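Asks: Please read through the structure below; I'll follow up with questions.
No lab work stands behind these numbers, since they all come straight from the coordinates. Worth saying up front: this structure is predicted, and the values here are computed from it rather than measured. Virtual Cβ from ideal backbone geometry, glycine too; neighbours counted across all protein chains shown.
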Amino acid sequence: MCLSFGKSQQLILIIMDKTAIIGAGPAGTSAAIYLSRFAHNVLLFDKKISDGRTSMAPDLQNYLGHSDKLTGKEFINNIRQQIKRFPIEFIKEKVVEINQSKNGIFNIIIENNHKFQVKYLIVAVGLFDGYIKLPNIDKYYDKSIFHCLACDWWQNRNKKIVVAGNNEEAIFTAATIAKMEMPPKLSVVPTDENFSFDKELIKISKKLKIQIYQSPIREIIGKNDVVQKIVLENGQNVECQIIFETLGFIRRDKFLDKGNISPERNEKGFIVVNFDNYESSTTNLFAVGPCNDGPDQAIIAAGEGAVATLEIHSRIMTEKFEGLNS
């Protein structure tokens, strides 16, 4: 069931027996399906699910269950259809703030000022990846510019590869590629003037036959949305067919910052979780998928969503059985 709300006076829905899930990617939809199949009430929030990491994938070759090409958008559409089989309340509204009452109840506020109150909360919002800041570059993304080695290196391993980044992560990524299988040409190129490459890592890169450039990208030249070469600010041309970026990310869980909820985070800003059940340092708040401090893959995110819901199901059942003794 899909719900939306118009602008009006604030509406407060007190639904203490429900679990709210923020984000309808692999992690969030997996959690929603598991909970609904245990006959628990589920609220699934996501205004727009077409801009996540998974939806941008050109082909989910490493996700089990299919042999033909399956794009990220097709995959997301499939799971959208799948959740329609279950009594899941899918609310297509943006969550702008979540705070927590003294009794532990989570208050979810969406952009039209409606509020929902729940006891259990799963954050499954993913991340935005950093991008090279050049005009007309969007056409190359997910065709010849990528972020994820695990997702996109295998099918591009025999092409000329550039790793674009401004710190040791770029060099480490290039070294990883070299050690997996050396492509015809492998280079590291900075994307702006603020780059800083460690001298010792540069020495190691030379041993691995990785070319390290010391001038940032001025222009990317391609044909039919496929990269052919990179032009640097100093005029050098770098042969290139594939670019892997290492430009960081932008958090999508800032609605927690606007409230009074401050789960523990690591030095990069990821939510720290207990990997036995994906609960954060905030009781009954679970973080699954790329927003937590674990590895980031669609298939892993789906599993995390399932694990978190098994824990929530256990807690709900314990509460109900304890109620029989009161």
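Asks: Helix 168-180 versus the longest principal axis of the chain: what is the Cα-based angle in degrees, 0 to 90, to the nearest 10?
Replies: 80 degrees
Asks: Rounded if a/c is under 1.5, else prolate if a/b beats b/c, else oblate: with a ≥ b ≥ c from the C-alpha gyration tensor eigenvalues square-rooted, which is the range 177-326?
Replies: Because a/c hits 1.5 or more and a/b exceeds b/c, the range 177-326 counts as prolate.
Asks: Another one. For residue 265, list long-range residues whose amide hydrogen, built 1.01 Å from N in the peptide plane, is under 5 Å from its own amide hydrogen.
Replies: 272
Asks: OK, next. Can you tell me which lysines have their Cα less than 17 Å from the Cα of residue 320? Leave out same-chain residues fewer than eight positions away.
Replies: Excluding near neighbours in sequence, the set is 18, 119.
Asks: Based on the mean of other beta carbon atoms within 10 Å per residue, what is the order of 266-277, 18-29, 105-116, 281-292, most packed first?
Replies: 18-29, 281-292, 105-116, 266-277
Asks: Here's something else I'd like to know. In the Gaussian network model of the chain, springs joining C-alpha atoms below 10 Å, which of 58, 135, 87 carries the largest mean-square fluctuation?
Replies: 135
Asks: Rank 75, 197, 38 by mean-square fluctuation in a GNM of the chain with C-alpha springs under 10 angstrom and give only the top-ranked residue.
Replies: Looking only at 75, 197, 38, the largest GNM fluctuation is found for 38.
Asks: Subtracting the Cα-Cα distance from 0.36 nm times the residue separation, let me have the gained length for residue 113 to residue 214 in nm, one decimal.
Replies: So the chain would gain 31.4 nm between residue 113 and residue 214.
Asks: Okay, helix-only estimate at 222 nm for the chain: each DSSP H run of n ≥ 4 adds -39500 (n - 2.57), divide by all residues, round to 500 deg cm²/dmol; what do you get?
Replies: Calculated mean residue ellipticity at 222 nm is -7500 deg cm²/dmol.
Asks: Only Cα pairs within less than 10 Å get springs; with that Gaussian network setup on the chain, which residue of 157, 252, 37 has the largest fluctuation?
Replies: Residue with maximal mean-square fluctuation among 157, 252, 37: 37.
Asks: By counting other Cβ atoms within 10 Å of each Cβ, how are 208, 247 ranked from fewest to most?
Replies: Arranged by neighbour count, lowest to highest, 208, 247 become 208, 247.
Asks: Checking the table 48/84; 47/84; 73/179; 92/143; 92/268 against a 27 Å threshold on Cα-Cα, which pairs fail?
Replies: From the list (48/84; 47/84; 73/179; 92/143; 92/268), the Cα-Cα distance tops 27 Å for 73/179; 92/143; 92/268.
Asks: Could you pull out every residue, at least 5 positions away or on a different chain, whose amide H is within less than 5 Å of the one on residue 147? Hs are placed 1.01 Å off N in the peptide plane, and Pro or chain starts have none.
Replies: Those lying under 5 Å, H to H, from residue 147 are 245.
Asks: How do 262, 36 line up, fewest other C-beta atoms within 10 Å first?
Replies: Going from sparsest to densest Cβ surroundings: 262, 36.
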